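Values in this text are rule-based calculations from the coordinates and carry no lab data. Predicted, not measured: the structure shown is a model, and the values here were computed from it. Cβ sites come from the backbone with ideal geometry, for glycine too, and all protein chains shown count toward neighbours.
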Amino acid sequence: MQSTTNSARSYRVLTQEEREEIMIGVRRNESARSIASRLERNVSVISREIKNNSTEDFRYQAYWAQNRSERRRRKSRQRERLADHYIRQYIYEKLPLGWSPEQIAGRICLDIPGKHVSYETIYQYVFKKDRSLTKYLVCGRKNRRKRMHKRGKRILIPNRTGIEKRPANVNKREELGHWEADTAVSRQSKEALMVLQERTMGLTLLQKLPRCAPEEMNAALIARLKHFPETMRRTVTFDNGQENRHHNQLCDVLKIKTFFCNPYSSWEKGSVENAVGLTRREWPKKTNYALISDEEIATLEYRLNTRPRKRLGYITPLELLANVALSP
């Protein structure tokens with residue numbers, strides 16, 4: 001039984017306390033076998049330790065032996081991150097497109113069969129190996145600002161229906177045709193960007209508005225949604241911005257039901273809020289939307305709709321839309 005214990009213990013890394021015991025034994029001129037017996041170690045472990053970690057004058061010091069051991073262990077664990085050329089090339093190709101490391105990790109096995117990478121590995125590579133790639137990650141303030149809400153603001157949306165009356169199946173994302181709408185505005189120009197997202201597929205539609213006003217908002221919504229079949233026009237959820245004041249016209253033209261978030265609760269339409277955040281990565285706040293062309297907006301819309309989505313099994317919204325269109 002004793003030999004089994006010694007065999008099991010002999011492969012453990014020596015501790016600082018054990019090295020101090022070895023140093024005391026060496027100074028007392030004890031044999032390696034005697035020291036090994038006292039520490040319940042294999043004699044070869046003690047002999048190798050004394051040989052490898054003694055100084056040039058053949059003196060064994062526990063402190064230096066511990067440092068040398070730790071240094072060797074650190075070096076043994078050093079290996080190049082993302083050594084595979086194809087995986088590294090794929091990451092450099094997809095990060096500038098706005099893909100997150102998790103999306104890249106989930107999609108790479110579909111695009112390059114046999115290749116796998118953890119999104120944590122991608123993050124470590126970006127932050128420790130090539131920090132120039134950090135500009136492509138989702139960015140935010142280093143310190144979060146405390147949100148200050150003004151209470152008591154009146155809601156001036158006529159005939160609004162609260163989100164609590166929206167069908168419960170909308171939250172399950174199992175039925176097509178449920179949209180969320182929002183606008184990205186800037187103090188630099190009166191022009192704004194309408195962002196529209198379908199909840200189930202994650203399909204994102206972008207449209208520049210001449211101004212953030214009810215007439216322009218309705219015109220953009222009708223122009224983008226009228227080409228979809230009625231099964232793709234069931235509901236649309238807004239916040240309480242004044243650009244959504246004429247929502248009843250949408251009900252008449254598109255035969256779509258409208259719902260509104262509770263005051264100061266834009267998070268209740270989190271899908272489109274996330275989509276707005278993605279557009280901010282391309283055009284940060286204080287961007288002059290008047291200087292952005294329709295071609296640039298169409299390009300960003302395409303990029304957002306060709307990003308793989310985790311909840312879709314890393315299929316892109318456009319791929320899913322094509323499957324829906326082809327199905328009978």
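Key figures for this structure:
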read-out	value
Lys, Arg +1 and Asp, Glu -1 on Cβ, resulting dipole of the range 241-328 about Cα centre, debye, nearest 20	380
Rounded to whole Hz, the Karplus (6.51, -1.76, 1.60) HN-Hα couplings of the range 203-211, x for glycine and proline	5, 10, 10, 10, 8, 7, 9, x, 7
Beta bridges per DSSP with both ends in the chain, % antiparallel, nearest 5	65
Computed lengthening from residue 52 to residue 265, 0.36 nm per intervening residue step minus Cα-Cα distance	70.1 nm
Net charge of Cβ neighbours under 12 Å - reference residue 28; Lys, Arg +1; Asp, Glu -1	0
Förster-model FRET efficiency, 35 Å R0, residue 85 and residue 187, C-beta, rounded to 0.05	0.15
Residue-averaged [θ]222 nm for the chain, counting only DSSP H segments that reach four residues, each worth -39500 (n - 2.57)	-13000 deg cm²/dmol
Interchain or long-range residues, amide H under 5 Å from residue 207's placed H	194
The chain, Rg to Rh (Cα coordinates; Rh as Kirkwood inverse mean 1/r)	1.25
Of every Cα-Cα pair in the range 251-328, the percent that sits beyond 19 Å	59
